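Notes to accompany the following structure.
Where a number appears in this text, it was derived from the coordinates with a stated rule and is not lab data. Quick caveat: nothing in here was measured; it's all calculated off a predicted structure. In this analysis, Cβ positions are derived from the backbone assuming ideal geometry, glycine residues included, and neighbour counts consider all displayed protein chains.
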Amino acid sequence: MKIGVCVSFTEIEKIPEQFRVLREQGFDNCQMLSWNPATWTDDNAQKILDYQKEYGVEISAFWCGWEGPQVWNFYEGQETLGLVPVQYRETRVKNLCDGADFAKKLGITNVVTHMGFIPENPLDPQFVPFCDAVKVVADHLKANDQWLLFETGQETPVTMLRCFEQVGADNLGVNLDTANVILYGRANPVDALDVFGKYVKNLHAKDGRYPTNGHELGVETAIGEGKVDFYGVIKGLHELGYNGYITIEREIEGEQQAKDIIAAKEYLEKIIAEVTAK
């Protein structure tokens, strides 16, 4: 298993410094997170490829955002996130297809996104139309020889599995965010592997605590300070034959973020060594 970090692509001029810091911290791979379709140009793709070569950085996945409002809670989130809200669906299908095309120019196979609060009830009148929209994106990525990865969070593991079954595409996978299933109060990541483990294609190593009210998500923490059983997750993935990327995500900024990332790397390396030695 290879440990990496997240890099946010907001302005092309910032990428070299982010790659330099990444290498300085002892990493050689990352997920690239991007929310601005205006940056997905041929020129920027070539510059990123050049920077990758210069700094020796591999991009394991392209995290593709979408246009429109986004509120990360249990109320407004239902109406603003992913492909679930009908009023934003068409635009966001295009965003995901355009982002995948940009990722293809970078030679990236895995395209990740949040799909939103997928209806838990399969008889909900929006469940099938939502799945139809996912199929459009999945088919576009299939033509690019790419995988469409759902980042965990807003849905229960079985809801995600049911969506995969309804869509019926063979290029759907999971980007397991170890904290999100906890932050949204949906599951714990160890047990979630029993449901969708075979679909895991990439991973956000993140920690956090369960919600303490019905409106707001739980609180993210530094790795090792929350509720995620990382030994259990890595052991479960190893038993499933997973030997891919583990991408550290720490959603704060500044010096503390850097300290937490370096500490997380050491923490995870010890667990990986112990699990794979058995």
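Just a few scattered comments:
- Normalised contact order of the chain, rounded percent, pairs of Cα under 8 Å and 6 or more residues apart: 16 percent
- Residue-averaged 222 nm ellipticity for the chain, from DSSP H runs of 4+ at -39500 (n - 2.57), nearest 500: -13500 deg cm²/dmol
- Distance in nm between pseudo-label sites at Asp98 and Glu266 (7 Å out along the Cβ direction from Cα): 4.4 nm
- Available extension along the chain between Thr91 and Glu225 is 44.4 nm, counting 0.36 nm per residue and deducting the alpha carbon span.
- Whether segment 1-141 is rounded, prolate or oblate, judged on the alpha carbon gyration tensor where a/c under 1.5 counts as rounded: prolate
- For the chain, alpha-carbon Rg and Dmax in angstrom: 17.8, 52
- Of all DSSP beta bridges confined to segment 2-277, the antiparallel ones make up roughly 5%.
- Calculated from backbone phi, Karplus (6.51, -1.76, 1.60) coupling profile of segment 52-66 in Hz, x at Gly/Pro: 4, 5, 5, 9, x, 10, 9, 9, 7, 7, 10, 8, 9, x, 8
- Prolate/oblate/rounded call for segment 109-242, Cα gyration tensor, a/c under 1.5 rounded: oblate
- Interchain or long-range residues, amide H under 5 Å from Val174's placed H: Phe150, Val200, Lys201, Asn202
- Label-to-label distance, Glu274 versus Asp170, with points set 7 angstrom from Cα along the beta-carbon direction: 4.0 nm.
- Annotation for segment 66-131: GluC sites (Glu not before Pro) lying in DSSP loop with at most 16 further Cβ atoms inside 10 Å of their Cβ are Glu67, Glu120.
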